[in-house]
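Notes to accompany the following structure.
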Amino acid sequence: MPGQYPARVSDHGFWAVQSLVTEPGPAAAAIDQLPSDLGTLRAASRQLVFHYWADGDYAANGIAPERISEIDTRYAAAMFARLGELADLPLSAARQPRQRLVGCCRDFTVLFVAMARHKGIPSRARVGFAGYFFDGWLIDHEIAEVWDGSAERWRLVEPEIDDGHTDPVDGASFDALDVPPAS
């Protein structure tokens, strides 16, 4: 139940419990239809958000200008509800840009963490600076971190970028399910 946490924040179980922000509400049934692997959850999150500046021109993508206010949606339940209004599709379905929530890195992360926690995967949001978008720039960015029990460590997961993303600094690619901390 949201808001009922273990006593110690260091407990991995704490991070598997929904918060008021990540609680998916009625969308929990749609999340139940997804497999529990991180790759599938990451792929789903990739299809749910249209990044307000990185994904291109609104009009060219069939998005009305007044929809920019969707970026102010803060809670996963409201985000999932809006996605349902935009298209009656499974969470894993490919969506046209106009069928996605207008948002930013925070929204990709909130939706990914909501889905991961619903599947019992300890996960949390991490805020920092990413050097893998533009050469010479560190961009404020939010990604997810999941507990990898088999490796006994937290792993950074990038729910926003395309598969095959390459770092413009060195041309290297990296695993979006295990982002190197110095990226």
Please report the carbon-and-sulfur percent of the accessible area for segment 98-183; probe 1.4 Å, protein heavy atoms only, DNA, RNA and ligands left out. 50
Could you give the length gained by full extension between residue 93 and residue 78, i.e. 0.36 nm per residue of separation minus their alpha carbon distance, to one decimal place? 3.5 nm
Going by average Cβ density within 10 Å per residue, which order do the peptides 30-43, 115-128 take, highest to lowest? 115-128, 30-43
Arrange the peptides 168-178, 149-159 so that the one whose residues have, on average, the most other Cβ atoms within 10 Å appears first. 149-159, 168-178
How many nm is it between the label spots at residue 36 and residue 174, if each spot is 7 Å from the Cα in line with the beta carbon? 2.8
Give me the 1.4 Å probe accessible area per residue for the chain, excluding ligands and nucleic acids, in Å². 50
Consider a paramagnetic label point 7 Å from the Cα of residue 12 along Cα→Cβ; state which residues of segment 139-158 have an amide N under 18 Å from it. 144-157
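The values are calculated or read from the model by the stated rules, or taken from the named source; none is laboratory data. Remember, predicted model here, so these are calculated numbers, not experimental data. With ideal geometry, Cβ positions are generated from the backbone for all residues, glycine too; neighbour counts draw on all protein chains shown. Side chains included, ligands, DNA and RNA excluded: accessible areas come from the protein's heavy atoms. Shrake-Rupley method; radii C 1.70, N 1.55, O 1.52, S 1.80 Å.
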